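Please read the structure below before turning to the comments.
Since every read-out is calculated from the coordinates, none of them should be taken as a lab result. A quick note: this is a predicted structure, and the numbers were derived from the prediction, not measured. No Cβ is skipped: glycine too gets one built from the backbone with ideal geometry, and neighbour counts run over all protein chains shown.
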Amino acid sequence: MMARDNTEKYQSLQLHEIEWHRKFTLSVACLVLFLIGAPLGSIIRKGGLGTPLVFAIIFFVIFHLFNTFGEKFVKSGQTNAILGMWLSTFILIPIGAFLIFKAMRDSQLFNQEFYYRTFKRVREFIANFRENQSITLERTNQFNRMKTPNSRRSFIKTTGKAGLMAGIGLTVLPKFGFASSNNSITNFVQQPLPYNYNALEPFIDAMTMEIHYSKHAATYAKNLNDACVAEKVDINNQSLDNILRKISAYSPKMRNNAGGHYNHELFWQCMKPGTATKPSGKLAAAIDSSFGSFDAFKTQFTDAGKNRFGSGWAWLVLSADNKLVIGSTPNQDNPLMDTSELKGKPLLGLDVWEHAYYLKYQNKRPDYINNWWNLVNWDFVATQFN
Ligand SMILES: [Fe+2]
């Protein structure tokens, strides 16, 4: 009789303990749903909310099954309440933590570059706003200081000429290679990647993009600046284009890194997320008349990349006599260099170094090139062409 009472008391206590743990594990289940669903949403970022939601529900069911079995083990006395009721939490929380870590590397929400770019844009907007305000104020003051109609006419005439010259400068100079500070190609500083590392998936994987941009290309930019210091190049009064055009006068280090930096800055802009369309307008007409058709152009460009022995680049360039030409250059050489056999203004560049594709495509360079066509930013190519 006493033993039965003790057993009933023990079972009652055990049920009370299970109930107590269940209350907490249910709260944790919601946390697991969030820990797994939220980062999955930002990592996958396709199929809307459906895919992460399905995964989160699957994990929730797994969590519930673990808990049900755990409860049975506790009731049968095979394990204690803490281990039985919390085992699923101990297993699933690290999975959630791993997904958050992965999301921190890939997603827009945790992407430091995104915040850096946003901060930079805001700072530039404020700087431009202040500059415009001070110019307006200065002009107003100048105008107010004018006492006579003649001097007012003179002021209008002078500022009108200055405005005209500024307009011509802004329109014409970039075409001659004197790019504005917004033209990232001619800058000595590595510009933020125009998209996330995983934005070019499935054609180029996030890991390749991250290593390519943050290691290989960043090193070219750093070494270029080191070479400029060593060879006393004043980067404030010298454009990268000009250095490339006289590259034979510089060291091999300058040649490799000036080319490497320029080529990669162009390469990032030659691609964009989403499925590429075909070129249009004047560019499409020029491609058709130069190569016969868009497909013939693609075949010829693909062959230039495929057949480049070792490391190098495939190019579509606009030659000095305004013709479209396809070719390739070894290493980090490019068509702007005076040492290059292929010469002209680069419109489209394709990196065929193994570091651009090896993680996903291994030795299958043709597969990489065939998939890369899905990423070509024809709007950018058309801007270069125009
Ligand atoms: Fe590269």
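Taking 22 Å as R0, compute the FRET efficiency from the Cβ-Cβ separation of Leu31 and Lys72 and round it to 0.05.
Values: r = 24 Å, r/R0 = 1.08.
Efficiency, from the Cβ-Cβ distance: 0.40.
Find, among the chymotrypsin sites (Phe, Trp or Tyr not before Pro) in the stretch 274-315, those assigned to loop by DSSP (not H, G, I, E, B) with at most 15 other beta-carbon atoms within 10 angstrom.
Values: sites: Phe291, Phe294, Phe297, Phe301, Phe309, Trp313, Trp315; in loops: Phe309.
Those that pass, being in a loop and sparsely packed, are Phe309.
What is the set of long-range amide H partners of Gly312 at a cut-off below 5 Å, with H atoms built 1.01 Å from backbone N?
Residues meeting the criterion, in which the H sits 1.01 Å from N, are Asn331, Val352, Trp353.
For the stretch 188-312, what is the relative contact order in percent, using Cα pairs closer than 8 Å and at least 6 residues apart in sequence? Mind showing how you got there, number by number?
Working: 79 pairs, mean separation 31.4, N = 125.
The normalised contact order for the stretch 188-312 reaches 25 percent.
Set the Förster radius R0 to 51 Å, insert the Cβ-Cβ distance between Asn128 and Asn331 as r into 1/(1 + (r/R0)^6), and round the FRET efficiency to 0.05.
Plugging the Cβ-Cβ distance into 1/(1 + (r/R0)^6) gives 0.85.
Which of Val28, Val352 has the fewest other C-beta atoms within 10 Å, and how do the rest follow up to the most? If you can, show how the numbers build up before the last one.
Details: Val28 18, Val352 22.
Listing Val28, Val352 from fewest to most nearby Cβ atoms yields Val28, Val352.
Answer rounded, prolate or oblate for the stretch 249-310, using the Cα gyration tensor with square roots of eigenvalues a ≥ b ≥ c: rounded when a/c is under 1.5, else prolate when a/b is larger than b/c, else oblate.
Values: a/c = 2.26, a/b = 1.80, b/c = 1.26.
Prolate, because a/c is 1.5 or more and a/b exceeds b/c.
Roughly what would the spin-label model give for Asn322 and Gln238, points 7 Å off Cα along C-beta, in nm?
Going from the Asn322 label point to the Gln238 one covers 3.3 nm.
Compactness ratio of the stretch 184-249: Cα Rg over 2.2 N^0.38 Å, N = residue count? Intermediate results must be reported in sequence, preceding the final value.
Numbers: Rg = 14.5 Å, N = 66, 2.2 N^0.38 = 10.8 Å.
Rg over 2.2 N^0.38 Å, computed on Cα atoms: 1.35.
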